[in-house]
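The values are calculated or read from the model by the stated rules, or taken from the named source; none is laboratory data. Keep in mind that what you see is a predicted model, and the values were worked out from it rather than measured. In this analysis, Cβ positions are derived from the backbone assuming ideal geometry, glycine residues included, and neighbour counts consider all displayed protein chains. We work out accessible area using only protein heavy atoms, side chains counted, and drop any ligands, DNA or RNA first. Shrake-Rupley method; radii C 1.70, N 1.55, O 1.52, S 1.80 Å.
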Amino acid sequence: MPANAEIPDPLALATAVGNGERAALASALNLLDDNREASRARAATFLSQLQSTADGAESRLIGMTGPPGAGKSSLTAALISVWRQRGLRVGVLAVDPSSPISGGALLGDRLRMKTSSDDDGVFVRSLACRGQFGGLSAEVWPMSLVMLAAFDVTLIETVGVGQREIDISRMCDTTCYVAQPGSGDSVQFLKAGILEVPHILVVNKEDMGAVARRTLSELGAAMSREHIDGQWQVPVLSASATRGTGIEALADAMEQHHDLLRTQNVLETRRQQYQAEWILKQLREEFGSFGLQRLGGEQHIANQLQTQQLGLIEQYEKLRQTFYSHYDGTSN
Ligand SMILES: Nc1nc2c(ncn2[C@@H]2O[C@H](COP(=O)(O)OP(=O)(O)OP(=O)(O)O)[C@@H](O)[C@H]2O)c(=O)[nH]1
Ligand SMILES: [Mg+2]
């Protein structure tokens, strides 16, 4: 953002985002990306306002992950058509889109092929950025909060297995893993326990025939069907994004998982946990584990966060200031 760009009024912006206004969404995402001090303060107020008014229970937060080129973007595009037919508005964050390995098109390009670009009910933002240590970058969670306030479905696409996979499952209600037919990787990861996290497994490209069916049965056999969360049988599905088969069933499985979480009344506490994890991660990166101890330790901080009704950045800034006040009575 240029140094002299106007900083929007945070309260008006929160209202406009809640109404799903596209221009407001774009400037909200820019505001979160803007490191000028005045912008950070407004971003803090903006997020507090947004978080205090948004009704989380109606919004679905879905992570879509899997190896490069498995068809995450193509499936997302196909799902968007189904969701739009069901009257749901959809926001997508594509993190690190188009891995060089698959040479896949940008998600935006795939969507342009599939959906009308003047549909106000769909908003896609690509983030070509990588966090430290290969994890997700820090902007992703605050940006998800913006999407959550504006849309019925927020979907985050990330490439990869391993750290990324785990990161995404720590900030999404429903994690969907897309497997590539013929690649033994997914089965290996499942056996190694890395893939305990997804709530839904889908083998894409079922149009490839026998090889897809074999991967499907291998995954089905390797999967311990009960999710670690309990009370959820992990479905192992088959689909083809390009032929449009299996998409309704995939959307149904996502809806069933959301319904379960809603019935269990855990959505709000989960999202508080994602928020606490995000804050702890930022603090750890900034001050190290020494800093966390200085603030009373992870558990203490997490408990403290639970009792505060503050927005994301306000909570984070408050803890930073506490840390600095231990040293010289000043904060910065
Ligand atoms: N045969 C077949 N090809 C597919 C299907 N879905 C996607 N593809 C192709 O697989 C390639 C990768 O698709 P993408 O949707 O870009 O995959 P991705 O997982 O988003 O890829 P990255 O984001 O780059 O990791 C493209 O050439 C797609 O056309 C499918 O159902 N069947
Ligand atoms: Mg993609």
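Among residues of region 171-193 that are of a type in the set (Gly, Ala, Ser), those with a Cβ under 6 angstrom from a residue that is modelled with pLDDT of 90 or more and surrounded by fewer than 23 Cβ atoms within 10 Å (Cβ to Cβ), sequence gap 6+ or separate chain, pair up as Gly182/Val211.
Candidates Ile301, Ile313: the one that is out of contact with any strand residue (DSSP E or B) (no Cβ under 6 Å at 6 or more places or on another chain), open to solvent by 20 Å² or more (accessible area, probe 1.4 Å), of a type in the set (A, V, I, L, M) and assigned to a helix (DSSP H, G or I) is Ile313.
Would region 224-236 turn up any residue that is at pLDDT 95 or above, in a loop (DSSP other than H, G, I, E, B) and closer than 19 Å to Lys72 by Cα? The answer is no; no qualifying residue exists.
For Arg164, state whether it is surrounded by 17 or more Cβ atoms within 10 Å (Cβ to Cβ), at pLDDT below 70 and not hydroxyl-bearing (Ser, Thr, Tyr). Here the answer is yes, as Arg164 does meet what is asked.
If we keep just the residues of region 319-332 that are out of contact with any Lys or Arg (no Cβ under 8 Å at 6 or more places or on another chain), farther than 17 Å from Gly288 by Cα and of a type outside the set (Val, Ile, Thr), which is modelled with the lowest pLDDT? The extreme case among them is Asn332.
Among the residues of region 57-85, those identified as open to solvent by 30 Å² or more (accessible area, probe 1.4 Å), away from ligand 2 (no atom under 16 Å from the Cβ) and not aliphatic (A, V, I, L, M) are Glu58, Ser81, Arg84, Gln85. The residue of region 277-298 that is farthest from the chain's Cα centre (by Cα), among those that are open to solvent by less than 50 Å² (accessible area, probe 1.4 Å) and among the small types (Gly, Ala, Ser), is Gly296.
Test Ile80 against the criterion of being at pLDDT 90 or above and among the aliphatic types (A, V, I, L, M), and give yes or no. Against the criterion (at pLDDT 90 or above and among the aliphatic types (A, V, I, L, M)), Ile80 qualifies.
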